[in-house]
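The values are calculated or read from the model by the stated rules, or taken from the named source; none is laboratory data. Remember, it's a predicted structure, so these values are computed and weren't measured experimentally. Every residue, glycine among them, receives a Cβ derived from its backbone with ideal geometry; neighbour counts consider all protein chains shown.
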Amino acid sequence: LNIDPRAREYLRVVLVHHHPFTFPETETRGVWNLFAKCGFNRESMLRMDDADDFVSWCALKGATLILHGHKHVPWHAESTVTVEPATGKTRQVSIQSVGCGSSTGVGNWPMSV
């Protein structure tokens, strides 16, 4: 690949739909009450599958920020991930996730949080 060397300095941002970090529990309403009675919690059904592996992959590729929607609630999470690149040298990488769902204006959240 012929990649401009300046691209190595770009901020690597990941944009996905489902959230990779667990949200704090919120009030259960509507159909979620039925699911809860059957032993399912909302988070186990809505969180990204294989989220931990995905976050590790993002960190390994140099991404430091994951933007997601899905929950329609502005939310920030930060985690330290241990990555093991092909060099065999493990290192700790900080990665952040920001829920960008506030753009829907749902609930009491302003449109431009």
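Screening segment 47-88 for residues that are surrounded by 13 or more Cβ atoms within 10 Å (Cβ to Cβ) and of a type in the set (Ser, Thr, Tyr) and picking the one that is nearest to residue 100 (Cα to Cα) gives 64.
Look at residue 39 and say whether it is out of contact with any strand residue (DSSP E or B) (no Cβ under 8 Å at 6 or more places or on another chain), of a type outside the set (Val, Ile, Thr) and at pLDDT below 75. Here the answer is yes, as residue 39 does meet what is asked.
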